[in-house]
Each structure stands twice: as C-alpha cells, then as structure tokens.
Amino acid sequence: MAQTRLSLHNETGGSAGCSDKNTVSVLYSLNNSYTSDETKMHPDIYTVISGTNRPGSNTLKVAKQYVHLLEDKGIPTRFVTLEGLDVNHRNDQLIQLEKEVLIPTRKFIFIVPEYNGSFPGVLKALIDNTNIEKVWWGKKALLTGVSTGRAGNLRGMEHLTGVLHYLKMNVHHNKLPISVVNKLLKGEEDIEDSATLKVIGDQLDEFIRF
Ligand SMILES: Cc1cc2nc3c(=O)[nH]c(=O)nc-3n(C[C@H](O)[C@H](O)[C@H](O)COP(=O)(O)O)c2cc1C
C-alpha cells in the first residue's frame, strides 16, 4: 500500500508535474511513484478532483478525505484541486496536468459543491479546455455532491452526469449527496459522522468493483 500521505504539491515539489513556482496547490500528490506490485493490484489509476477553486472550500476537505479513504483501501490515488489552476485556456500548466494526471487516469472521483443549484463553472471550464477524447472518453466516474443546504447538490450531480455522458463516460449510479456539510465537518478537516463514513465507504467499494 502507498505509504506517502497527502502533501501539498507546492510544498513538496512533488513528482507529478506542475513544477512552476507560481503554481499554487494545483495538484496534491500522495504518491505518484507506485511500486510495480501496487500497480499490478490496481491497474486503473484513480484521481480525485476537488471541483471548485474557492479558497477554504469544504469540498477540498471532503475530497482530501476521499483520497485518504481510498488509500486506506489500498488504492493508490492522485488528487487534483482547481484552486490556483487557470482553466480558462489551454496553458502549459493545464497541458502538463492533462498529460501527467488526467490522461493516465481511468477512474475519476468528482467531489462537487452546489453553487446556485448546479456544479461550479470552473469545473466546466476545466472540462471545456481539455482534450476530451484523451482525457474523458470511455472512462469511469463517481460523483459526490457537497452543500451546506439540504440537497447535497443532487441537481448539480445530474447536470454533471449529463455532461459526462456527452463525454462518453460511464457514471456510477451511486451519486452521494453530502448535505449540511458544515454540520458534519464542525470546522474540522474530516467528517467523523459514522453514518456518513459508512455510505462513503460503501460507495467507494462499489466504485472499486465498477
Ligand atoms: C457561489 C456559491 C453558490 C452557492 N449556492 C448554493 C446552493 O445553491 N445551494 C446550497 O445548498 N449551497 C450553496 N452554496 C453553499 C455551499 O453549499 C457551501 O459553500 C458548501 O460548503 C460547498 O461549497 P464549498 O466547497 O465551496 O465550501 C453556495 C456557495 C457558493 C460559494
């Protein structure tokens, strides 16, 4: 199992690219140099995408927790945050991220906040500025919604599902709405509520088998 724990890319100068000093936490790298045994066990590369660039977002916390939970299940996992990433055009940073992380990924986990009844425009901008055939076509996706309201971004996950289907992706049926996330997090970094952890664990187990 991967030993390296979550580390800020711009603190570590990690191995997954984006070495530009101006890059601010574009990419968290848990461990991008997996052993051959790990790769044999899990040939699908998993990447968690934190679907907002809002500083201090709850989505970032939930997304990091998903990475940890996957690693605890023995799945080497890569991590992308949109914070600090210019997704408005195909710049060098985005092309490097695409080449080193997005294209090799087979299974994407989107952690997506609810912004005005949908998913954030910045996530759509990322999608719109990628090479869609290479990055998304034929791959698998898992969706989790995050909101302080009661819906847990149910509607935004449906909107995103429509986009991902257009991109010829296979979206897992278990789309998890995490509502009142502020009450679940209570200002901490991780959700500790046992019922929520159970449904997340079940969702991840299903996606690993998917
Ligand atoms: C631009 C914006 C729009 C939002 N719209 C909604 C909304 O439609 N429904 C809702 O329940 N919460 C809404 N929220 C609150 C988010 O659910 C809340 O901030 C939550 O923590 C997820 O967003 P975050 O990851 O940015 O923190 C909105 C927040 C922002 C910043």
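FYI, it's all coordinate maths here, none of it is from the lab. These numbers come from a predicted model, not from an experiment. With ideal geometry, Cβ positions are generated from the backbone for all residues, glycine too; neighbour counts draw on all protein chains shown.
From the list 198, 175, 183, the lone residue that is buried (at least 19 other Cβ atoms within 10 Å of the Cβ) and among the charged types (D, E, K, R) is 175. Residues that are surrounded by 21 or more Cβ atoms within 10 Å (Cβ to Cβ) and either within 11 Å of the ligand (Cβ to nearest atom) or on the phi > 0 side of the Ramachandran plot (or both) within the range 144-172 comprise 145, 146, 147, 152, 153, 156, listed in sequence order. Can you find a residue that is touching a Lys or Arg at 6+ places or on another chain (Cβ under 8 Å), more than 16 Å from the ligand (Cβ to nearest atom) and under 30 Å from residue 187 (Cβ atoms) anywhere in the range 118-139? No - not one qualifying residue is present in the range 118-139.
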